[in-house]
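Presented below is the structure to which this report refers.
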Amino acid sequence: MNRKAARQAIEAVENFVLATHVRPDGDALGSLFGLAKILTKLGKQAVCYLEEPPPELHALLAAGLRWETEIGRVRAFAEACGQNIMGICLDCGDLARLGENGPLLREIKPFLVIDHHQSNDGFGDLHWIEPHRSSTGEMVYDLAVELNAAEDMSLEAAECLYTALVTDTGSFQYDCTSAHTFAVAGRLLNRGVRPAVISQRLYNNASFGSLQLMQLVLSTLQTFFDDQVAVIQVSRKMLETTGTDYEDCDNLINFPRSIRGVRAAVFLKERKDGEVSVSIRAKGDCDVAWVTAQFGGGGHKNAAGCRMADCSMEQVRDMLLPVLEKALAQGKQ
Ligand SMILES: [Mn+2]
């Protein structure tokens, strides 16, 4: 389906339950809360479901909106709306990433999926999926144009969408950044967004502990294959020692990625119960979505991830390296 069809489906109902993936980033929350604000301004009712309260960094994007972490309350709202309701899932590639209540959310019909992940498996009733897009926030802006809600978009909604764009493009640096991305950013600035204010919040807002964590994580740096692959790790102990959380790790992968000649940066995170999560970021032509797919993960060509159970970080690294070597050989340098 295209955005015209998405618009028609949205115009047909008055009530919405919006959701996004677990451990949401700036694009997930920016597109979620941005769309909720746009729908509210159109006189519709929107309830956002989150597995946990929004992380502190993005909490102000939710101002003025109704969001719930209790699935029971969301279902009660949906039931009270009868047939006059739609579920919308943003920035989420598959049902599992919606979290443990994903199957209950999915019962809201119709269920529309708006997403830009290459690996999206089409789990909704309706889908508007464009993998070439920089961010789900960029798609939500275009949807607002379709809904005639862009010209007078509130500053608060525009800030949500701008946060989404900045986050998923690495401040307009990644390959996914298009002329259209900049055009959308420009229109959001016309609605009053000040880039310095958003950047200040996103990037000049670190805690002391997060810098101590950075020290520890960077001390684990290893490189392989003539420095084409760089690996860093975070253990639970590092988080405990520095009083930090996984959220504080979010941008650390940019450091190994920034090394000259590195084509793939890998970040291994020790989770509870012997689980290790893997994030890989590629520069240029190395398909890391293919790499994580070998381990049941997903993502984009240049940014992908997976999770492995009952392994140490060293074991995960040793399983990944030969697969990464193949991906390097397949991609042009
Ligand atoms: Mn995204």
Name the single residue that is farthest from Ala36 (Cα to Cα) among those in the stretch 126-151 being free of Cβ contacts under 8 Å to residues at least 60 places away in the same chain and part of a loop (DSSP other than H, G, I, E, B).
His132
If you go through Leu188, Leu211, the only one that is in a helix (DSSP H, G or I) and surrounded by fewer than 17 Cβ atoms within 10 Å (Cβ to Cβ) is Leu211
If you go through the stretch 254-262 one residue at a time, do you hit one that is in contact with a Leu (Cβ under 8 Å, 6 or more places away or on another chain), crowded, with 20+ Cβ neighbours inside 10 Å and not assigned by TED's automatic domain parsing to the domain that holds Cys92?
yes
For the stretch 1-43, enumerate the residues that are in a helix (DSSP H, G or I) and within 12 Å of the ligand (Cβ to nearest atom).
Gly26, Asp27, Ala28, Leu29, Gly30, Ser31, Leu32
Any hit, the stretch 22-30, residues being modelled with pLDDT of 95 or more, in contact with a Cys (Cβ under 6 Å, 6 or more places away or on another chain) and either within 27 Å of Asn204 (Cα to Cα) or surrounded by fewer than 20 Cβ atoms within 10 Å (Cβ to Cβ) (or both)
yes
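Yes or no, residue by residue, for (1) at pLDDT below 95; (2) hydrophobic (A, V, I, L, M, F, W, C); (3) within 18 Å of Gly299 (Cβ to Cβ); (4) in contact with a strand residue (DSSP E or B) (Cβ under 6 Å, 6 or more places away or on another chain):
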| site | (1), (2), (3), (4) |
| --- | --- |
| Val140 | no, yes, no, no |
| Leu147 | no, yes, no, no |
| Glu151 | no, no, no, no |
| Leu155 | no, yes, no, no |
| Leu161 | no, yes, no, no |
| Val166 | no, yes, no, no |
| Gly170 | yes, no, yes, no |
For the stretch 247-272: of the residues being part of a helix (DSSP H, G or I) and under 19 Å from the mean Cα position of the chain (by Cα), which is modelled with the highest pLDDT?
Arg257
Yes/no for Thr69 being under 18 Å from Leu161 (Cα atoms), modelled with pLDDT of 95 or more, assigned by TED's automatic domain parsing to the domain that holds His116 and β-branched (Val, Ile, Thr):
no
For Val231, state whether it is at negative phi and in a strand (DSSP E or B).
yes
Residues located in the stretch 305-315, provided they are without any contact (Cβ under 8 Å) to a residue 60 or more places away in the chain and either among the basic types (Lys, Arg) or at negative phi (or both)
Gly305, Cys306, Arg307, Met308, Ala309, Cys311, Ser312, Glu314, Gln315
Consider Leu165 against the criteria (1) surrounded by fewer than 18 Cβ atoms within 10 Å (Cβ to Cβ); (2) of a type outside the set (Gly, Ala, Ser); (3) within 15 Å of the ligand (Cβ to nearest atom): it satisfies all of them except one. Which criterion is unmet?
(1)
Among the residues of the stretch 88-101, is there at least one that is surrounded by 15 or more Cβ atoms within 10 Å (Cβ to Cβ), away from the ligand (no atom under 16 Å from the Cβ), touching a residue at least 60 places away in the same chain (Cβ under 8 Å) and assigned by TED's automatic domain parsing to the domain that holds Ser135?
yes
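For (1) assigned to a loop (DSSP other than H, G, I, E, B); (2) touching a Cys at 6+ places or on another chain (Cβ under 6 Å); (3) within 19 Å of Tyr246 (Cα to Cα); (4) not assigned by TED's automatic domain parsing to the domain that holds Ile259, each residue gets a yes or a no:
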{"site": "Ile280", "(1), (2), (3), (4)": "no, no, yes, no"}
{"site": "Asp285", "(1), (2), (3), (4)": "yes, no, no, no"}
{"site": "Ala289", "(1), (2), (3), (4)": "no, no, no, no"}
{"site": "Thr292", "(1), (2), (3), (4)": "no, yes, no, no"}
{"site": "Phe295", "(1), (2), (3), (4)": "yes, yes, no, no"}
{"site": "Gly305", "(1), (2), (3), (4)": "no, no, yes, no"}
{"site": "Asp318", "(1), (2), (3), (4)": "no, no, no, no"}
{"site": "Leu321", "(1), (2), (3), (4)": "no, no, no, no"}
Residues within the stretch 215-246 that are surrounded by 12 or more Cβ atoms within 10 Å (Cβ to Cβ) and farther than 14 Å from Leu268 by Cα, tallied:
9
Filter result (within 30 Å of Tyr203 (Cβ to Cβ) and among the β-branched types (Val, Ile, Thr)) within the stretch 54-96
Thr69, Ile88
With respect to the numbered conditions (1) within 16 Å of the ligand (Cβ to nearest atom); (2) not assigned by TED's automatic domain parsing to the domain that holds Ser312, which one is the sole condition not fulfilled by Val193?
(1)
Picked from the stretch 105-139 (must be charged (D, E, K, R) and within 13 Å of the ligand (Cβ to nearest atom)), the residue nearest to the chain's Cα centre (by Cα) is Asp115
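The values are calculated or read from the model by the stated rules, or taken from the named source; none is laboratory data. Remember, predicted model here, so these are calculated numbers, not experimental data. Positions of Cβ are generated from backbone atoms using ideal geometry, with glycine treated the same way; all protein chains shown enter the neighbour counts.
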